Amino acid sequence: MRIVCVGGGPAGLYFAILAKLRDPRHEVAVMERNPAGATHGWGVVFWDALLDDLYRNDRVSADEMRKASVLYEGQEVRLRDAPTAYLGGYGFSVSRRSMLEVLTARAQDLGVDVQFEREVTDLSELGDVDLLVASDGVNSPIRERYADDFGTDVAVGRNKYIWLGTTKVFDAFTFAFEETSAGWIWFHAYPSASGNSTCIVECTPQTWSALGLDTLGGVEGVARLEQIFARHLDGHALLNRAHGMGEAHWLSFREIINRTWYRGNIVLMGDAAHTTHFTIGSGTKLAMRDAIALGDLLPADAADLPPRLRYFDESGRATLRATQDAAHKSMTWFENLDGKIDDDPVQFAYALWKRRGNYPRWRYQLHLATQIGTLRRVRREVSSARRSLRARKRGELGRVPAGWARR
């Protein structure tokens, strides 16, 4: 089959890899409008469940992605200058640039034609294509062209946010909340690569405009944020220009839902098909799982494609509903933050943790125990042991044989 992926993000690149692994006879191309190495944003987060999937499907790229990743342990919740409150858990983060470099190199090694600075404005220029994958992001031109057929619904979130980097390296996933004369403003930060971290700043539109962030230029706006978050940045700078891209801009989150993910031989994937609010950090995971799901269904012959696309669509949307619901709850929780601020940082941290739903009473007791340094270290040691066991089970600690090309 001849397959074209429009958009060289994690969904398009990983699907291209899997398509070639499943049948090297497939002619696969990825067309990306940006130059090689250019990417929006800084780091992305993921967890063991995604690593398990990646190692099952392609150990070569999984091993390289893990090598490029950093581990963060625990979460910290900082409320003004109050004592830090703690949450458990751990995760991995990788710079978006490193992730795309790994996936691009792997795709090219397998024979995928990866074309940079190739913007597709007319689908007819692609010629005869058996499968067209629209992995071209939240503002997907392909989806917008056939919005009525896909049944696209776009809801715009209330809060404003900006995706920045910082030279401050955070060891834990950190939430920092500051109260200004204009209202509350906060950031979500996590390590994204050696020497820097990702820092997503968020606030209500009222606070945003009252602080002048709607009119300040990039340099002045960043300077204002550095001043607001000075106690958390420890003198480090905020960065508003990602690799090969222009300045970051304030955005409103766009919640994308489609009635169907396919139209004829065109299939939506990743953010083109669905978005989940950044406060649950699932975008990369869902994009790559889309790629895996469609890769598992990919036939050898285009004649067998229609029922498989239908199954991908129906099963994918059904599986996603719970995640989208959790993401929507998280988004609205932050949009109504002013009424949830508790002067007790421990209580506030627990409210933050359970923003997606209620949990058994023992979870609260575990939360209280986590505030005690000795018990927090014990919890971390237990978590580390479980993490190591899981890594061994998926073969993460083993060596990948030279020339390994298949699952």
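The values are calculated or read from the model by the stated rules, or taken from the named source; none is laboratory data. The structure presented is a predicted model; accordingly, all values stated were derived computationally and were not measured. Because the Cβ atoms are built from the backbone with ideal geometry, glycine has one as well, and the counts that use them run over all protein chains shown.
So the values come out like this:
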| read-out | value |
| --- | --- |
| Out of Ile185, Ile266, sole residue that is within 30 Å of Asp304 (Cβ to Cβ), touching a strand residue (DSSP E or B) at 6+ places or on another chain (Cβ under 8 Å), at pLDDT 95 or above and not charged (D, E, K, R) | Ile266 |
| Residues satisfying the stated conditions in the stretch 149-186, i.e. of a type in the set (Asp, Glu) and closer than 21 Å to Ala287 by Cβ | Asp153 |
| Selection within the stretch 171-205 - within 21 Å of Gly88 (Cα to Cα), out of contact with any Leu (no Cβ under 7 Å at 6 or more places or on another chain) and not aliphatic (A, V, I, L, M) | Asp171, Phe173, Thr174, Trp186, Phe187, His188, Tyr190, Pro191, Ser192, Ser197, Thr198 |
| Filter result for the condition that a residue is farther than 25 Å from Pro191 by Cα, hydroxyl-bearing (Ser, Thr, Tyr) and in contact with a Phe, Trp or Tyr (Cβ under 8 Å, 6 or more places away or on another chain), over Ser69, Ser124, Ser135 | Ser135 |
| Check on Thr284, in contact (Cβ under 8 Å) with a residue 60 or more places away in the chain, polar (S, T, N, Q), touching a strand residue (DSSP E or B) at 6+ places or on another chain (Cβ under 9 Å) and not in a loop (DSSP other than H, G, I, E, B) | yes |
| Every residue from the stretch 124-148 that is part of a helix (DSSP H, G or I), touching a strand residue (DSSP E or B) at 6+ places or on another chain (Cβ under 7 Å) and over 22 Å from Thr284 (Cβ atoms) | Leu126 |
| Selection status of Arg376, touching a residue at least 40 places away in the same chain (Cβ under 8 Å) and in contact with a helix residue (DSSP H, G or I) (Cβ under 8 Å, 6 or more places away or on another chain) | yes |
| Residue within the stretch 170-182 that is under 21 Å from Leu352 (Cβ atoms), touching a helix residue (DSSP H, G or I) at 6+ places or on another chain (Cβ under 6 Å) and touching a residue at least 60 places away in the same chain (Cβ under 8 Å) present | yes |
| Close pairs (8 angstrom Cβ cut-off, 6 or more residues apart or separate chains): free of Cβ contacts under 8 Å to residues at least 40 places away in the same chain in the stretch 217-229, in a helix (DSSP H, G or I) and of a type outside the set (Val, Ile, Thr) anywhere | Glu226/Leu233 |
| Exclusive hit being out of contact with any Pro (no Cβ under 9 Å at 6 or more places or on another chain), among the aliphatic types (A, V, I, L, M) and at pLDDT 95 or above, set Ala349, Ala300 | Ala349 |
| One residue from Tyr311, Tyr262 being surrounded by fewer than 22 Cβ atoms within 10 Å (Cβ to Cβ) and within 18 Å of Leu18 (Cβ to Cβ) | Tyr311 |
| Sole exception among (1) part of a helix (DSSP H, G or I); (2) touching a residue at least 60 places away in the same chain (Cβ under 8 Å); (3) under 26 Å from the mean Cα position of the chain (by Cα) for Ala351, by number | (2) |
| Residues of the stretch 233-254 classified as farther than 19 Å from Cys203 by Cα, loosely packed, with under 13 Cβ neighbours inside 10 Å and in contact (Cβ under 8 Å) with a residue 24 or more places away in the chain, total | 1 |
| Single residue of the stretch 92-114 satisfying the filter (small (Gly, Ala, Ser) and either crowded, with 17+ Cβ neighbours inside 10 Å or assigned to a strand (DSSP E or B) (or both)) that is modelled with the highest pLDDT | Ala107 |
| Complete set of residues in the stretch 253-271 that are more than 16 Å from Leu297 (Cα to Cα), assigned to a strand (DSSP E or B) and over 16 Å from the mean Cα position of the chain (by Cα) | Ile257, Asn258, Arg263 |
| Count of the stretch 342-366 residues which are in contact with a strand residue (DSSP E or B) (Cβ under 7 Å, 6 or more places away or on another chain) and more than 15 Å from Pro83 (Cα to Cα) | 2 |
| Restricting the stretch 331-346 to residues that are more than 24 Å from Val156 (Cα to Cα) and at pLDDT 90 or above, the residue that is surrounded by the fewest Cβ atoms within 10 Å (Cβ to Cβ) | Asp344 |
| Lone unmet requirement of (1) in contact (Cβ under 8 Å) with a residue 12 or more places away in the chain; (2) part of a helix (DSSP H, G or I); (3) more than 18 Å from the chain's Cα centre (by Cα) for Pro306 | (1) |
| Out of Gly89, Gly74, Gly12, Gly37, sole residue that is outside any helix (DSSP H, G or I) and closer than 26 Å to Ala134 by Cα | Gly37 |
